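The values are calculated or read from the model by the stated rules, or taken from the named source; none is laboratory data. Values in this document were obtained by computation on a predicted structure and should not be read as measured data. A quick note on method: Cβ atoms are made from the backbone with ideal geometry, for glycine too, and the neighbour counts reach across all protein chains shown.
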Amino acid sequence: MNKDLPTPEQRAALFARNLDWNLLRTFMVIVECRGITAAAERLGLKQPSVSNALRRLETSVGTRLVERGPNHFRVTGAGGRLYRECVEIHGSILRLGDELREVTDEIDEHVQLAMASHVVSPLFNDTLSKFHRAHPKATLSVDILSSRDIVERVLHRSVSFAVCLVNDMNPRLEYRRLYREFFGLYCGPSHPLFGRSGLTMADLKGQSSVSFTTDQFSDVLRPVAMMRAEARLDERIVGISANLEEVRRMIVAGLGVGPLPIHVVTRDVRDGLLWRLPPYESPPAIDVFLVFNPHTRLNRAESAFLDMLLEAIRVTPIDARTYAGSAPPPGSRGEQSRVKT
């Protein structure tokens, strides 16, 4: 046996000693932004600095983490594993300050949330207001992300809890239905169907469309994908986004017919920016969930906010958390049954 070769324990200790957390954080942002340029903008750094940080980290870990080119960005298998560890480490660091802080009677810690775009929930807003009145020194930050990214962050404990759409329920997480919303199809002022009454589903056949990245039969907006298929819209989607505001922008601009939550765009319809299209009966229902990880160690502010929100959900019937005027009749296609209230 060669005594000059380091043992596994020695190699692990050397690796840990040489690893720079700032490089890990930069790598985490690169993955989340899907590129060097966008990561540099988020971090407030110059692009060469971010590229150099990635090279240094790859040298340190001894493997390629990202494959990239002019129109190509892919995280390698090793990069994916390192990213998941980075997210968990980041969550632990965020809570470290609260763990070391002297405990006082007054709650003044920070709550880190993640939410899907355009979450409209009076129950959530009322709980937020109640929490702030009870703990005015507590602070809060909200990241707007895709539902898929949100669940990943909750799973790796980098956010306290989240509000988003859910496709498959991960057994490691807890889910509570926050509210139910219903989707309709809309077009903008320049569209040939705008302003026309008495339309049927047949009038939508072959029309160009825009939609969400999750508008697929295998994803969270499956009921919306079914509605689009029944309308027989053009199979080629001309515009797509994970952000509701951007989907709305494309519809208003006349790129095509697209789905939007009925309650969110009521004012746009009234103001003449959008026009509701068939189907008018039994719109598809989508549930929006509060998602949290029972294994996450919460600080006092996070625990207080989560407890308030869970209690508000518990004492408020789902009918009161469903937007009036858009609910489908019992037993219709829009109903969903496999949920936790």
Testing residue 137 on (1) surrounded by fewer than 19 Cβ atoms within 10 Å (Cβ to Cβ); (2) within 29 Å of residue 272 (Cβ to Cβ), one condition comes back false. Which one is that?
(2)
Among the listed residues 294, 317, 328, 283, identify the single one that is of a type outside the set (Asp, Glu), within 30 Å of residue 136 (Cβ to Cβ), modelled with pLDDT under 95 and out of contact with any helix residue (DSSP H, G or I) (no Cβ under 6 Å at 6 or more places or on another chain).
294
Only residues that are surrounded by 12 or more Cβ atoms within 10 Å (Cβ to Cβ), of a type in the set (Gly, Ala, Ser) and at pLDDT below 80: list them for the range 71-123, please.
91, 92
Kindly indicate the residue of the range 163-189 that is basic (Lys, Arg) and within 19 Å of residue 286 (Cβ to Cβ) and also surrounded by the most Cβ atoms within 10 Å (Cβ to Cβ) among those meeting that condition.
180
Counting only residues that are at pLDDT 90 or above and assigned to a helix (DSSP H, G or I), how many does the range 207-223 have?
0
Residues of the range 112-133 classified as in contact with a helix residue (DSSP H, G or I) (Cβ under 7 Å, 6 or more places away or on another chain) and among the aliphatic types (A, V, I, L, M), total:
3
Unique residue being free of Cβ contacts under 8 Å to residues at least 40 places away in the same chain and over 13 Å from residue 185 (Cα atoms) when the list is 219, 271
271
Pick from the range 109-137 the residues that are hydrophobic (A, V, I, L, M, F, W, C) and part of a strand (DSSP E or B): which of them is farthest from residue 248 (Cα to Cα)?
111
